[in-house]
Structure formats: structure tokens, C-alpha cells
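**Q** I am attaching a structure below and will ask some questions about it afterwards.
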Amino acid sequence: MDLLEKLVSLAKRRGFVYQSSEIYGGWEATYDFGPLGAELLRNIRNLWWQEFVHNRPDIVGIDGAIISHPRVWEASGHTESFTDVMVEDLKTHKRYRADHLSNKIEDGMTPEEIDQVIKENKIRSPDGNSLSKAKKFNNLVEVYIGTLENEKTLAYLRGETCQPIFYNYQLIKDSMRMKLPFGIAQIGKAFRNEIKVGPYFFRTREFEQMEIEMFLHPSEADYYFEKFKEWSMSWLKQLGIDENKLRFREQEFKERAHYNKIATDIEYKFPFGWKEFQGIHYRGDWDLSRHGEYSKTDFKYRDDVRNEEYIPHVVEYSIGLNRLMLVLLFDSYSEDDGKVTLKLNPRLSPYKVAVFPLLSNRPRLVDKAHKVFEALKTRFHCAWDSRGNIGKRYASQDEIGTPWCVTVDFDTLKYETVTVRDRDTKLQERVSVDRLQKYFENQLYEN
Ligand code: GAP
């Protein structure tokens with residue numbers, strides 16, 4: 001089994017990720033996050049929010065609507081330009097993103113250029129059949145909304161989370177009394193009708209993004225662009241991701257989205273190659289100018305320091321939550337003698353501590369272990385396990401990334417101490433029950 005297969009199997013077996021609607025045969029490119037996956041996602045969200053919103057007086061966060069006025073997506077340019085070029089296998093009718101079919105076809109080529117390349121290079125489908133003419137395909141997911149059957153309105157599930165940030169810019173600035181430069185952050189779902197999906201949940205049609213739009217004077221764009229590269233990379237390293245598997249990559253002109261003037265990706269070395277999972281983008285004044293034009297709103301900022309009036313420019317930091325989770329799962333997966341350990345940063349681990357009674361048929365041990373569990377659970381998310389032997393319980397917690405296991409044994413009854421076993425070093429230490437909370441707090445928050 002290769003690493004991807006091993007991870008898919010572990011993630012399913014241990015309640016991190018399931019293929020959505022499996023009992024109906026599955027639904028392509030859609031995944032449900034199980035109990036431990038939900039905990040991991042929640043921990044990533046909370047750490048990101050803490051780092052980039054709570055720790056930053058110049059950034060505020062919002063939670064905008066998934067379905068907004070359809071004009072939003074016309075103004076943002078998505079109804080016109082949020083497209084990929086698609087070709088169809090004329091025999092099987094399977095559809096492909098043209099730039100994923102052959103390295104002779106590049107992202108950003110027009111359908112006419114692609115037809116020419118296909119003809120000149122005699123490119124065929126992966127099943128060996130002839131291909132249709134290339135055509136543009138819009139990635140926005142349409143919804144029809146309203147209560148009267150024949151008066152439903154066409155709207156869109158948001159294709160990127162940041163649009164509510166742009167159309168609410170003025171309200172947020174005024175209600176929070178922000179002055180430029182300042183940022184607005186959001187975490188939430190986005191939807192794209194992707195032609196090519198996978199591998200696994202790397203590219204899906206429903207996913208979550210964590211985004212910051214930094215509003216600024218155009219002369220500050222270079223500074224914030226570089227700073228967001230630095231801040232975001234440093235946060236990824238704080239999470240413990242292997243530095244040798246992270247790199248920046250500048251996007252070429254033809255790869256850039258219609259709203260971007262400059263774009264730099266951060267890529268991770270997945271088992272299926274270097275792939276991007278976050279971007280820093282300089283969007284200029286594209287969004288506020290277009291929303292201003294389409295809604296007849298004046299977005300000009302009166303800058304008293306510079307004594308100037310201008311439409312703020314935007315530097316964007318955008319990272320895919322689910323893609324980051326996939327990075328973390330691959331990066332933390334380690335195998336020794338057939339035994340798997342997820343060496344997740346303890347702050348990300350679904351459970352921080354697992355508590356066990358040494359023997360499950362000794363009521364005094366079980367009672368005492370319950371007391372330890374009750375005391376710790378007010379501070380940390382704890383797991384309880386009294387099945388099988390201690391070795392199996394350790395292995396089971398290692399597989400899901402629990403950093404510490406606490407065993408209540410006969411010495412606990414005599415001396416009020418427990419064994420704490422470390423996931424990564426496998427070392428065991430005796431710690432007194434009344435010091436346990438401090439012991440874990442120190443390791444979690446002071447290291
Ligand atoms: N607002 C800017 C924006 O949406 P993007 O590069 O299209 O930029 C940002 O997306 C991030 O969202 C990507 O770096 C990636 O992590 C995530 N993302 C984009 N499309 C995705 C998909 N189909 N499945 C999973 N994650 C996706």
C-alpha cells in the first residue's frame with residue numbers, strides 16, 4: 001500500500017474522514033469529516049483565528065452568508081471569468097480539464113489555442129479516444145432559490161469566502177472604527193464546480209477557506225505582500241510542518257485568477273507531488289472598484305494622514321482549511337515496525353490526554369481513573385479507554401495523535417501518582433495527580 005492508501009484507510013477506520021453518502025455508493029469529490037476529523041479541523045480553525053485575528057489589533061473577523069445577491073458574482077467577475085477549459089472524450093463522454101490532460105496544454109490558454117495544441121500533438125483522452133473541441137466551463141455552483149416554483153431566482157454558492165468581506169467593507173470599517181491599513185478575516189465554506197477532483201480531498205467541490213483581506217494604500221502593498229508570506233510561513237512552521245516540504249512558488253501571469261496582479265503560492269510536497277495549499281495575492285483595487293461600480297457605492301477612503309482620497313487596494317492571504325488538514329495528516333504520519341503514530345502538534349491533536357485504569361475489572365482503579373478523567377476534562381479534551389491491554393491502548397492513541405496517556409495503577413491508590421506516557425518519545429514518567437493539569441498546560445502552551 002502506498003502512503004495515500006494507508007492514510008485513506010486510517011482516516012476512515014479512526015473516524016477522521018469518510019467518503020460522503022457511502023451507503024448510496026458515495027458522492028464524487030465530497031467527504032464528511034468524522035468525530036476526530038471534526039476535532040482536528042476545529043483546532044486548526046481556532047489556532048488560525050487566534051494567531052491572525054485575536055493576536056492582531058489591525059484585523060477583525062466576520063462570518064458572512066454563503067448565498068449572497070447574484071450581482072455580487074457579476075461584480076466580482078466570477079460569472080464571466082471564473083472558468084476552466086474543458087474537453088470531452090467523444091466515446092466515454094468523460095470530461096477533463098484541458099490543462100490536466102497534457103503538459104503541452106497550459107493553464108490560461110484559450111479554447112482555440114488548446115484545439116490547435118490537441119490537433120498538432122494528436123492528444124487523445126486517457127482512454128485513448130478522440131476529444132471534443134475545447135470549451136470554457138464556469139466553476140460557480142448555481143442554486144435556485146425562492147418559494148414560488150416558477151419565480152425562483154438564480155443565485156450562486158460562494159466561489160470564494162472573501163466576497164462578503166468586500167461588499168461589507170464599509171460597514172465593517174465604520175462599525176469597528178478601523179483605519180487603513182487593516183484586515184478582515186473569515187473562515188467558511190466555498191463551492192466550486194471543479195472538472196477535475198482529487199486526489200482524495202485535495203480538490204473537492206465543497207471546501208473551507210481561511211482568508212484575510214488587508215485593505216491598504218497602494219504604496220503599502222509590497223510591504224504587506226512580503227509580510228503575509230513571512231507571517232503565514234512562520235505559522236505553518238509553528239504547527240510543526242516539515243520545512244523541507246514547504247516552498248514558495250510565484251504564479252506566472254497565465255495562471256493567475258482574473259482579480260490578481262501578483263500571486264505567490266505556498267506548496268507542500270505531497271506523495272503525489274508539489275501542490276499549492278495557500279496563496280498570497282495582490283488584488284489591487286479590483287474588488288472594491290467593481291462592487292462600487294455595480295452597486296453605485298462610493299468606496300473611496302479619506303486618508304487624513306496622507307491627505308488623499310483613494311479606493312483601498314487589497315493584499316489577500318488565503319489558505320484552504322481542508323487542504324491544510326491533508327498536509328498535516330501526511331506530514332505527521334509516521335510508521336515504525338508496522339505501528340502508526342500521528343505526530344501532530346499537541347495543540348492540533350483531537351484528544352490531548354487519554355486516561356486509562358490499569359485494569360478494567362478493579363472498581364477502585366476504575367473509580368480513581370474516572371476522578372482523574374473528570375478533573376482533566378474541564379481543561380483538555382480527554383479520551384477514556386478501559387478496553388484491552390495497556391500496550392493496545394497506547395497503540396490506539398498513537399494512531400490518532402493523542403500526545404499523552406495517563407494510567408491509573410495500584411501506586412496511584414497509595415501515592416497519588418500516575419504514569420504519563422509520551423507519544424513521541426514513548427517514555428514514561430510518574431507525575432502526582434495534583435500536578436497533572438499544570439504538567440500538561442506547560443507542555444501545551446509554554447513550549
Ligand atoms: N480568494 C482567493 C482564492 O479563493 P484560490 O487560490 O482559488 O484563491 C485559495 O483558493 C485556497 O483555497 C487554495 O490555496 C486551496 O487551499 C483552497 N482551494 C481552492 N480550491 C479548492 C478545491 N477545489 N478543493 C479544496 N481546496 C481548494
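The values are calculated or read from the model by the stated rules, or taken from the named source; none is laboratory data. Computed from a predicted structure; not experimentally measured. Heads up, the Cβs are rebuilt from the backbone with ideal geometry, glycines too, and the neighbour counts pull from every protein chain shown. Accessible surface areas use protein heavy atoms only, side chains included; no ligands, DNA or RNA. Shrake-Rupley method; radii C 1.70, N 1.55, O 1.52, S 1.80 Å.
**Q** Only one of ILE105, ILE114, ILE118 is part of a loop (DSSP other than H, G, I, E, B) and either of a type in the set (S, T, N, Q) or in contact with a strand residue (DSSP E or B) (Cβ under 9 Å, 6 or more places away or on another chain) (or both); which? Explain how you work it out, then say what you get.
**A** Working: ILE114 fails: part of a loop (DSSP other than H, G, I, E, B); ILE118 fails: part of a loop (DSSP other than H, G, I, E, B).
So the residue among ILE105, ILE114, ILE118 that is part of a loop (DSSP other than H, G, I, E, B) and either of a type in the set (S, T, N, Q) or in contact with a strand residue (DSSP E or B) (Cβ under 9 Å, 6 or more places away or on another chain) (or both) is ILE105.
**Q** If you go through region 415-447, how many residues are more than 17 Å from ARG347 (Cβ to Cβ), in contact with a helix residue (DSSP H, G or I) (Cβ under 6 Å, 6 or more places away or on another chain) and part of a loop (DSSP other than H, G, I, E, B)?
**A** Here the count works out to 1.
**Q** Next up: Being more than 10 Å from the ligand (Cβ to nearest atom) and part of a loop (DSSP other than H, G, I, E, B) is the filter here, so list the residues in region 184-220 that pass it.
**A** Hits for region 184-220 are ILE195, PRO199, TYR200, HIS217.
**Q** Would region 143-154 turn up any residue that is under 30 Å from ASP107 (Cα atoms), assigned to a helix (DSSP H, G or I), more than 24 Å from the chain's Cα centre (by Cα) and away from the ligand (no atom under 16 Å from the Cβ)?
**A** Filtering region 143-154 for residues under 30 Å from ASP107 (Cα atoms) gives 143, 154.
So of that shortlist, the ones also assigned to a helix (DSSP H, G or I) come out as none.
Checked against the condition, which is being under 30 Å from ASP107 (Cα atoms), assigned to a helix (DSSP H, G or I), more than 24 Å from the chain's Cα centre (by Cα) and away from the ligand (no atom under 16 Å from the Cβ), region 143-154 yields no hits at all.
**Q** Residues LYS136, LYS91: which one is among the basic types (Lys, Arg) and not in a strand (DSSP E or B)? Explain how you work it out, then say what you get.
**A** Working: LYS136 fails: not in a strand (DSSP E or B).
Only one candidate passes the filter, namely LYS91.
**Q** Can you confirm whether GLY401 is touching a residue at least 12 places away in the same chain (Cβ under 8 Å) and at positive phi? Break it down into steps so the answer makes sense when it comes.
**A** Details: touching a residue at least 12 places away in the same chain (Cβ under 8 Å): yes; at positive phi: yes.
Spelling it out, GLY401 is indeed touching a residue at least 12 places away in the same chain (Cβ under 8 Å) and at positive phi.
**Q** For region 282-304, indicate whether the set of residues that are within 10 Å of the ligand (Cβ to nearest atom) and among the aliphatic types (A, V, I, L, M) is non-empty.
**A** no
**Q** Of GLU106, GLU120, which residue is acidic (Asp, Glu) and surrounded by 11 or more Cβ atoms within 10 Å (Cβ to Cβ)? So that I can check it myself, show each step before the final result.
**A** On the way: GLU120 fails: surrounded by 11 or more Cβ atoms within 10 Å (Cβ to Cβ).
Selected residue: GLU106, the only one of GLU106, GLU120 that is acidic (Asp, Glu) and surrounded by 11 or more Cβ atoms within 10 Å (Cβ to Cβ).
**Q** Please go through region 102-161 and pick out each residue that is in contact with a Leu (Cβ under 8 Å, 6 or more places away or on another chain), without any contact (Cβ under 8 Å) to a residue 24 or more places away in the chain and more than 28 Å from ASN260 (Cα to Cα).
**A** ILE123, ARG124, TYR144
**Q** Right, here's the next one. For residues that are open to solvent by 90 Å² or more (accessible area, probe 1.4 Å) and either of a type in the set (Asp, Glu) or within 16 Å of the ligand (Cβ to nearest atom) (or both), tally how many sit in region 221-246. Break it down into steps so the answer makes sense when it comes.
**A** Of all residues in region 221-246, those open to solvent by 90 Å² or more (accessible area, probe 1.4 Å) come to 222-223, 226, 230, 238, 243-244.
Checking the rest, the ones that are also either of a type in the set (Asp, Glu) or within 16 Å of the ligand (Cβ to nearest atom) (or both) come to 222, 226, 230, 243.
So the count comes out to 4.
**Q** Answer yes or no as to whether VAL406 is in a strand (DSSP E or B) and surrounded by 18 or more Cβ atoms within 10 Å (Cβ to Cβ). Show your work before the answer.
**A** Working: in a strand (DSSP E or B): yes; surrounded by 18 or more Cβ atoms within 10 Å (Cβ to Cβ): yes.
In short, yes.
**Q** Has region 311-329 got any residue that is away from the ligand (no atom under 16 Å from the Cβ) and open to solvent by 10 Å² or more (accessible area, probe 1.4 Å)?
**A** So in region 311-329, the residues away from the ligand (no atom under 16 Å from the Cβ) come out as 311-312.
Subset that is open to solvent by 10 Å² or more (accessible area, probe 1.4 Å): 311.
Taking every residue of region 311-329 in turn, at least one turns out to be away from the ligand (no atom under 16 Å from the Cβ) and open to solvent by 10 Å² or more (accessible area, probe 1.4 Å).
**Q** Within region 352-364, is even one residue assigned to a helix (DSSP H, G or I) and in contact (Cβ under 8 Å) with a residue 24 or more places away in the chain?
**A** Applying the first criterion (assigned to a helix (DSSP H, G or I)) to region 352-364 yields 363-364.
Still in the list and also in contact (Cβ under 8 Å) with a residue 24 or more places away in the chain: 364.
Yes, region 352-364 has at least one match.
**Q** A further question follows. Could you grab me the full set of residues in region 137-167 that are open to solvent by 40 Å² or more (accessible area, probe 1.4 Å) and not aromatic (Phe, Trp, Tyr)?
**A** Filtering region 137-167 for residues open to solvent by 40 Å² or more (accessible area, probe 1.4 Å) gives 137-138, 142, 144-154, 167.
Within region 137-167, ASN138, GLU142, ILE145, GLY146, THR147, LEU148, GLU149, ASN150, GLU151, LYS152, THR153, LEU154 qualify.
**Q** Among the residues of region 184-217, write down those that are β-branched (Val, Ile, Thr) and under 15 Å from TRP48 (Cβ atoms). Give the steps one after another, and end with the answer.
**A** At the first step, the residues of region 184-217 found to be β-branched (Val, Ile, Thr) are 184, 187, 195, 197, 204, 212.
Within region 184-217, ILE184, ILE187, ILE212 meet the criteria.
**Q** Right, another one. Any residue at all in region 251-268 that is touching a Lys or Arg at 6+ places or on another chain (Cβ under 9 Å), among the charged types (D, E, K, R) and more than 21 Å from TYR169 (Cα to Cα)?
**A** yes
**Q** Open to solvent by 50 Å² or more (accessible area, probe 1.4 Å) and part of a loop (DSSP other than H, G, I, E, B), is that true of ARG306? Don't jump to the end; show me each part of the working.
**A** Details: open to solvent by 50 Å² or more (accessible area, probe 1.4 Å): yes; part of a loop (DSSP other than H, G, I, E, B): yes.
Yes: the conditions hold for ARG306.
**Q** Taking region 409-447 only, how many residues are buried (at least 18 other Cβ atoms within 10 Å of the Cβ) and touching a residue at least 40 places away in the same chain (Cβ under 8 Å)?
**A** 8
**Q** Please report, ordered by residue number, the strands (runs of 3 or more DSSP E) entirely within region 17-87 with at least 1 residues that are in contact (Cβ under 8 Å) with a residue 24 or more places away in the chain and small (Gly, Ala, Ser). Before you say what the answer is, go through the steps one by one.
**A** Details: elements: 17-19, 31-33, 59-62.
Counting at least 1 such residues, we get 59-62.
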